[in-house]
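The values are calculated or read from the model by the stated rules, or taken from the named source; none is laboratory data. All figures in this text were calculated on a predicted structure; none of them were measured in a lab. Glycine also receives a Cβ, built like all others from the backbone with ideal geometry; neighbour counts cover every protein chain displayed.
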Amino acid sequence: MPTTTRGVVLVGHGGIPKDCPPELVTRLKRLEAQRRAAKLPPTMEENELDTKIRRWPRTPETDPYQAGLEAVAAQLRANLGEVLFAIAYNEFCAPTLEESVEQLIKQGATQITVTTTMFTPGGSHSEVEIPEILDLLQPQYPGVQLRYAWPFDVNLVANTLAEQIKRFS
């Protein structure tokens, strides 16, 4: 009987580094909007801009979101025990979900659970984009089980928020 090597990917939104020129992001978002409206694949220019922004050098000062997600990831990783673990970002930051899934598979993962820090129902990243990416990846890796831990139980989210409020009351 084959053994299962579990992996987890934590997906965050991704932030724009403070020192990234705003015109790069404006141009990227304009190209994305045009592509989506026309239902076309990304252009070479869009892919190049996306890569440039995602690979922009970062520090905790220039990208506090990335530093914050890494802190959450370190705690989550410690709570999960023996699993392979990776972080991914929906936009503006690397690695992508595709890159993180590929990384875990190269490390031997045969069952990967993807979760996100975006808890609220109705978000395009969490409800649409992440499932679409996983649907595109699954045929590429037929021997790997890809699971998406979504949606979040709104009662658990509300309880967590209530506990946070109590800490400051």
- Could you tell me which residue of segment 104-122 is modelled with the highest pLDDT, considering only residues that are exposed (fewer than 14 other Cβ atoms within 10 Å of the Cβ) and among the small types (Gly, Ala, Ser)? Gly108
- Looking at segment 4-26, which of its residues are part of a helix (DSSP H, G or I) and within 14 Å of Glu91 (Cα to Cα)? Leu24, Val25, Thr26
- Name every residue in segment 33-48 that is under 13 Å from Thr96 (Cβ atoms) and at pLDDT 95 or above, in order of residue number. Asn47
- Spot the failing condition for Gln138; the list is (1) surrounded by fewer than 18 Cβ atoms within 10 Å (Cβ to Cβ); (2) farther than 23 Å from Ala158 by Cα; (3) in contact with a Ser or Thr (Cβ under 9 Å, 6 or more places away or on another chain), and only one is missed. (3)
- Item | Scope segment 73-89; condition β-branched (Val, Ile, Thr) and under 21 Å from Glu129 (Cβ atoms); matching residues | Ile87
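Could we say that Thr51 is part of a helix (DSSP H, G or I), at pLDDT 95 or above, farther than 18 Å from Phe119 by Cα and polar (S, T, N, Q) here?
Here the answer is yes, as Thr51 does meet what is asked.
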- Residue ID - farthest from Phe85 (Cα to Cα), chosen from residues in segment 9-66 that are among the acidic types (Asp, Glu) and exposed (fewer than 15 other Cβ atoms within 10 Å of the Cβ): Glu23
